[in-house]
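K.L.:
Here it is, the structure in full.
Readers should treat all values here as calculations from the given coordinates under stated rules, not as data from a laboratory. Owing to the predicted nature of the structure, the values given are computational and were not obtained by experimental measurement. Every residue, glycine among them, receives a Cβ derived from its backbone with ideal geometry; neighbour counts consider all protein chains shown.
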Amino acid sequence: MDTLLQGYGRFRERADRDAYCALCSGQAPHSLVITCSDSRIVPEDIFDARPGELFVLRNVGNLARTDEPSVAAALDYALLHLGVKNVVVLAHTDCGAVKATRHPEHLDTEGLRLWLGEEHFDGADVEEAARAAGVRQLDRIRKYPLFRKLEGEGKTSASLCFFSIGTCSLEIYVNGQWVAPGTVSAICK
């Protein structure tokens, strides 16, 4: 607890209090980011976002299991009440959840079995499997009825990003291929 309180002290010294006061009346994030609980993945840092810009759902493996109430509630709230324009799955290298699907003996508690038991390792290595898992999560979002309705009305979109921890590089999944952020606009035209 001491480490957390020391961190809070540093936060208080540098916090933009005016920005936080402005957020007292509500939030208006532009994106919902579904990402992993992995402590190395910090979407606010990766996307250089300020408080109030991202609505973030974190869970083990960045799963978009819309059959789970916490995932469905986050999607519903972000889409209906916050009006987010983007839903982003943020997958990453060295994912422990993906590794666990390769070695089911690592699913050694009821919680892990219930959460990851339906996932599967699909790839030659962990990175390939993490990318494939991300594609499955993107597909789940795109099949979610509320998302489909709002996407059809042009009110939201879904994307998949892949973050490499070791290089701090980001790739985006566009039309079945992984591309660097600078090339997305050329591909989407």
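K.L.:
Just the Cα atoms of the stretch 26-188, one point each, no solvent: what log10 I(q)/I(0) does Debye give at q = 0.12 Å⁻¹?
P.N.:
Taking Cα atoms of the stretch 26-188 as identical point scatterers yields -0.51.
K.L.:
Could you give me the ³J(HN,Hα) list for the stretch 105-110, computed from phi with Karplus coefficients 6.51, -1.76, 1.60 and θ = phi - 60°, whole Hz, x at Gly and Pro?
P.N.:
Coupling constants for the stretch 105-110: 5, 6, 7, 9, 10, 4 Hz.
K.L.:
Most exposed first by the Cβ proxy, i.e. fewest other Cβ within 10 Å, how do Glu110, Glu128 rank?
P.N.:
On the way: Glu110 9, Glu128 13.
If I rank by nearby Cβ atoms, fewest first, I get Glu110, Glu128.
K.L.:
Another question about this same structure. To the nearest 20 debye, what charge dipole does the chain have about its Cα centre, counting +1 at the Cβ of each Lys and Arg and -1 at the Cβ of each Asp and Glu? Spell out each step's value before the answer.
P.N.:
Details: 21 positive and 26 negative charges, 121 e Å.
Dipole magnitude for the chain comes out near 580 debye.
K.L.:
Quote the relative contact order of the stretch 26-188 in percent (integer), defining contacts as alpha-carbon pairs under 8 Å separated by 6+ residues.
P.N.:
22
K.L.:
For the residues His120, His103, what sequence is obtained by ranking on other C-beta atoms within 10 Å, fewest first?
P.N.:
His103, His120
K.L.:
Could I ask something else about it? Return the loop-located trypsin sites (Lys or Arg not before Pro) in the stretch 128-187 (DSSP other than H, G, I, E, B) with at most 15 other Cβ atoms within 10 Å of their own Cβ; answer none if there are none.
P.N.:
For trypsin sites (Lys or Arg not before Pro) across the stretch 128-187 that sit outside H, G, I, E and B with at most 15 neighbouring Cβ atoms in 10 Å, the list reads Lys155.
K.L.:
Another one. If neighbour count is taken as other Cβ atoms inside 10 Å, put Thr156, Thr109 in order from fewest to most.
P.N.:
Thr109, Thr156
K.L.:
Lys pairs in the stretch 26-188, Cα-Cα under 24 Å, at least 8 apart or on separate chains: how many?
P.N.:
Summing the qualifying lysine pairs gives 4.
K.L.:
If you don't mind, another one. Work out from phi, with θ = phi - 60° and the Karplus expression 6.51 cos²θ - 1.76 cosθ + 1.60, the ³J(HN,Hα) of each residue of the stretch 160-171, listed in order in whole Hz, and give x for Gly and Pro.
P.N.:
Residue by residue, the stretch 160-171 yields 10, 10, 10, 9, 9, 4, x, 10, 6, 9, 10, 10 Hz.
K.L.:
Taking Cα centroids, how far is the stretch 56-85 from the stretch 149-170 in Å?
P.N.:
Taking the Cα centre of each part, the stretch 56-85 and the stretch 149-170 sit 14 Å apart.
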